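This report refers to the structure that appears directly beneath it.
The values are calculated or read from the model by the stated rules, or taken from the named source; none is laboratory data. As the structure is a prediction and not an experimental result, all values here were calculated from the model. Cβ coordinates were reconstructed from backbone atoms using ideal geometry, including for glycine residues, and neighbour counts include every protein chain displayed. These accessible areas exclude ligands, DNA and RNA; they are computed on the full protein's heavy atoms, side chains included. Shrake-Rupley method; radii C 1.70, N 1.55, O 1.52, S 1.80 Å.
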Amino acid sequence: MILAIQDANILIDLHKAGLLEAYFRLGIETHTTDLVLLEVRPSVAPFVLTGELRVKTTPATEMAALLAFKAQQPPSLSLEDCSVFHLALQLSAILLTGDNKLRLHAEKAKVEAHGILWLLDLMVEDAILDMSTATSCLDQLLKANARLPVDECQRRLKLWAAGRRISIRRPATN
């Protein structure tokens, strides 16, 4: 099974595109932190209640260690970013984020990181989404999310229109 740590922006994008239920059908063991949950709570609450989204709480006794960890990271990373990065390191999990600075920093630290496009590709490959639905969802995301890589989005839209998929690499399972 794939083990993944979710950053807030991926959860927000999945919610905006109406893809949270589809995401959880992938069977990825998904975790986030209580700090991220504060940013996205209403949209993911049902998945927390069912245990599909597991939340790592940061007790006061661990907050000092998290703050010390953050002090060793680039200043551009927020405490929430550092909390999911730290959890990905602890669990040897992939990191799902749409934050380019966090993704690049994670990859530099040898933490596998992916974004919403990879998840869409995975949903298409696993037939959770058909290409028409994936196209609609990606169009919706392009309107709502200015940070998506337009070239990569256009590449998918063209391939899906032609009935072809992106070849993706799956992470090693834990």
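Structure notes:
- Selection over the stretch 133-160 of residues that are aliphatic (A, V, I, L, M), within 17 Å of MET123 (Cβ to Cβ) and in a helix (DSSP H, G or I) gives a count of 6.
- Verdict on LEU157 being open to solvent by less than 60 Å² (accessible area, probe 1.4 Å), over 19 Å from ILE10 (Cβ atoms) and touching a Ser or Thr at 6+ places or on another chain (Cβ under 7 Å): yes
- Residue match in the stretch 130-141 (condition: farther than 16 Å from ALA17 by Cα and open to solvent by 40 Å² or more (accessible area, probe 1.4 Å)): no
- Residues located in the stretch 1-33, provided they are part of a helix (DSSP H, G or I) and β-branched (Val, Ile, Thr): ILE10, ILE12
- Scan of the stretch 142-159 for residues that are free of Cβ contacts under 8 Å to residues at least 24 places away in the same chain and farther than 17 Å from THR97 by Cβ, ordered by number: LEU142, LYS143, VAL150, ASP151, GLN154, ARG155, LEU157, LYS158, LEU159
- Residues of the stretch 108-129 satisfying the condition of being over 20 Å from ALA144 (Cα atoms), of a type in the set (Gly, Ala, Ser) and open to solvent by less than 40 Å² (accessible area, probe 1.4 Å): ALA113
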